[in-house]
Amino acid sequence: MSLCNSCSNGEDNKLEKIENVPIKEIQRGRKAHFVQFITIISAYIFLIDGGAHMVWTSPSLPYLKSENSHIPLTKDKASYLVYLISFSSIFGPFLYLITTKQLGRKNTILLLGTLQLLSWILTDIATNFELLCVAKLTFGLAYSAICSAIPVYIGEIADKKIRGTYLSLLIICSSIGAFLMAISGAFLNHKTMNLVMTVTPIFGFIFSIFMTETPYYHLMRGYEEEAVQVLMKLSSVTRRELIADDIERMKKTLLENEKTERNIFRDLFIDKGGRKAFIILVITASFSGLSGYIAIQAFAEEILSYSNSALSAKHGTMILTGIQIFSGLTSSLLIDTWGRKPTCLVSGLLSSLSLAVVGVFYMFQYFFEFDLTFFTLAPLVGLICFTFSCNIGINPISFVYVGEIFSIHLKEYAAMTGGISFSIGVLTSNYLLHTLNAKGNIYMAFWIFSVFCILEGLIVWFFMPETKGKNLEEILFLMGYRKKRSEKNNVC
């Protein structure tokens, strides 16, 4: 009888252990995810700051061109500030590529955050146009570089189960920054607005005490013990053997990258799959910039003021930037549910239609001089629809493709190429919007942007394979890469 009880107790103990293991694993996983989030929260704050600075021109240009400005600027000079941000952002990815290998991921982000803070300080103390130009050049360089650095940092810090969610927060953080700037511009004077926004990067530095260098970078430098300690912290484990397999996987990945880095030119331009991926990335990134999304943000308050709506342009801009946050939350859900191709096609169609409607409104108002008193909210509604539809597909798709359609050793170069292409597209769209607006043909700018939106959606639909739910090996095969070697275990 006691033997049976003993057996029964033994089975109960085994059952209890089996039942408790998943619970402990879930608890440890949640703790690890929290630790990882705290580690990267500083990077998110710098992105919020960057999003605010990107739309600084929207509330600032009307003030700088007014009689009350402490730095009176002509319409052309004010618009140059927008051009300077776009122009210097072209070179940001080069700065990232140089610094990240020498300083590491963490220190690169902190350096770029310092440049963003410096840009705010220069903006605060500027008493002439030249100093404002230096401030905007500094910001454009820093922000485009940090946009290349942070996805890599998150990719090397976050667990694969939660990495997609953390990466999807990048666009949301930028949108939150834009919303904060719109609120500040609506309720604060220009000087106070600048001082308040200067606080944002300071919070980034405060939370940087939780940042750590990535285990990948430690292994790249030959510091295996430091890599082990960091990974144990990020995984919330106390025993080395629990992360031993992960360390070996990382070392294998780095060794493979060292072997293939010599063939980067061949893999990008000669290999069929690499060449196709490169062309698609350049097109989608450029067209995202040419969609007018950033240009419309930069001139939002001025654009909405033309409609003569009872709703002030400042409050309209607040609504417009607020929609960005919601659309960013929807983006990752739709891309993973519908798939990349359908989401991008629908996004392109709706974005194109929305911009076309805005263009028609301004054509009837300024070219035909119709009385559109009862339709003054049409531009705001059209731009809200455009902001939402653009953000769910054609805006983020190039960032998605950087992580999906390139071999691991090409990802850094892909991120740099995508960033440069996007910045050139933004610079061009800013120029088009400003030039056509100055000539009284602002409606033509919206129609041009509309064409690029639909073209991007159609190009993705007809020329890209669907990558939803596929691992890296399957995607590389669909893209037509000559090398079919398995990189399943090397996804980072």
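The values are calculated or read from the model by the stated rules, or taken from the named source; none is laboratory data. Computed from a predicted model, the values in this text were never measured in an experiment. Here the Cβ positions follow ideal geometry from the backbone for every residue, glycine too, while neighbour counts run over all protein chains shown. Heads up: the accessible areas ignore ligands, DNA and RNA and are worked out on the full protein's heavy atoms, side chains in. Shrake-Rupley method; radii C 1.70, N 1.55, O 1.52, S 1.80 Å.
Rounded to whole Å and sorted largest first, what semi-axes of the equivalent ellipsoid does the C-alpha gyration tensor of segment 219-305 yield via the square root of 5 times each eigenvalue?
Details: eigenvalues 332, 127, 19 Å².
Equivalent ellipsoid of segment 219-305: 41, 25, 10 Å, largest first.
Compute the FRET efficiency between LYS439 and PHE374 as 1/(1 + (r/R0)^6), taking r as their Cβ-Cβ distance and R0 = 35 Å, and round to the nearest 0.05.
Values: r = 28 Å, r/R0 = 0.79.
Working from the Cβ atoms, E equals 0.80.
If packing is taken as the mean number of other Cβ atoms within 10 Å per residue, what is the order of 107-117, 308-318, highest first?
Working: 107-117: 21.5, 308-318: 17.7.
Highest to lowest by the protection proxy: 107-117, 308-318.
At 0.36 nm per residue, and after removing the present C-alpha to C-alpha distance, how many nm does the segment from LEU118 to ASN189 gain when stretched out fully? Spell out each step's value before the answer.
Working: separation 71, 0.36 × 71 = 25.56 nm, distance 2.09 nm.
Here the segment from LEU118 to ASN189 would lengthen by 23.5 nm.
Give me the number: length gained by fully extending VAL237 to VAL199, i.e. 0.36 nm times residue separation minus the C-alpha to C-alpha distance, one decimal in nm. Spell out each step's value before the answer.
Working: separation 38, 0.36 × 38 = 13.68 nm, distance 3.55 nm.
Taking 0.36 nm per residue and subtracting the Cα distance, the gain is 10.1 nm.
Take the residue pairs LYS252/LYS470; LYS136/LYS276; LYS136/LYS439 and return only those whose Cα atoms are more than 29 Å apart.
Details: LYS252/LYS470 22 Å; LYS136/LYS276 35 Å; LYS136/LYS439 26 Å.
From the list (LYS252/LYS470; LYS136/LYS276; LYS136/LYS439), the Cα-Cα distance tops 29 Å for LYS136/LYS276.
To the nearest 0.05, what FRET efficiency results for PHE269 and GLU224 with a Förster distance of 25 Å applied to their C-beta separation? Please list the in-between numbers first.
On the way: r = 35 Å, r/R0 = 1.41.
Given R0 = 25 Å and the Cβ-Cβ separation, E is 0.10.
Subtract the Cα-Cα distance of ILE125 and GLU248 from 0.36 nm times their separation in residues, and report this length gain in nm to one decimal. Before the final figure, lay out the partial values.
Numbers: separation 123, 0.36 × 123 = 44.28 nm, distance 5.12 nm.
The ILE125-GLU248 span can extend by a further 39.2 nm.
Tell me the relative contact order for the chain as a rounded percent, counting alpha carbon contacts under 8 Å between residues six or more apart. Before the final figure, lay out the partial values.
Values: 718 pairs, mean separation 103.1, N = 492.
Reported as a whole number, the value is 21 percent.
Accessible area per residue for the chain in Å², computed with a 1.4 Å probe and the full protein assembly in place, what is it?
Numbers: 21980 Å² over 492 residues.
Each residue of the chain exposes 45 Å² on average to a 1.4 Å probe.
Provide, in order from the shortest bin, the percent of all Cα-Cα pairs of segment 99-245 in each 10 Å bin, continuing until the bin that contains the maximum pair distance.
10, 33, 31, 17, 8, 2, 0
Could you check the spin-label model distance between VAL381 and ILE279? Points 7 Å from the Cα along Cα→Cβ, value in nm.
4.2
Counting Lys +1, Arg +1, Asp -1, Glu -1, what net charge surrounds THR212 among other residues with beta carbon under 9 Å of its beta carbon? Don't jump to the answer; show the numbers that get you there.
On the way: positive: LYS106, LYS233; negative: GLU213.
Around THR212, the charge tally is +1.
When the solvent-accessible surface of protein heavy atoms is calculated with a 1.4 angstrom probe, in what order do ARG239, ARG163 fall, highest first? Kindly include the intermediate steps, with their values, before the conclusion.
Numbers: ARG239 125, ARG163 45 Å².
Result of the area sort, largest leading: ARG239, ARG163.
Which three semi-axes in whole Å describe the equivalent ellipsoid of segment 94-140, each the square root of 5 times a Cα gyration tensor eigenvalue, listed largest first? Could the numbers behind the result be given before it?
Numbers: eigenvalues 129, 21, 5 Å².
Calculated on Cα positions only, the semi-axes equal 25, 10, 5 Å.
Sequence-distant or interchain residues sharing an amide H contact under 5 Å with THR214, placed H: which?
Residues meeting the amide H criterion: ARG105, LYS106.
Residues in segment 121-152 near a label at ILE71, defined as backbone nitrogen under 18 Å from the 7 Å Cα→Cβ point?
121-143
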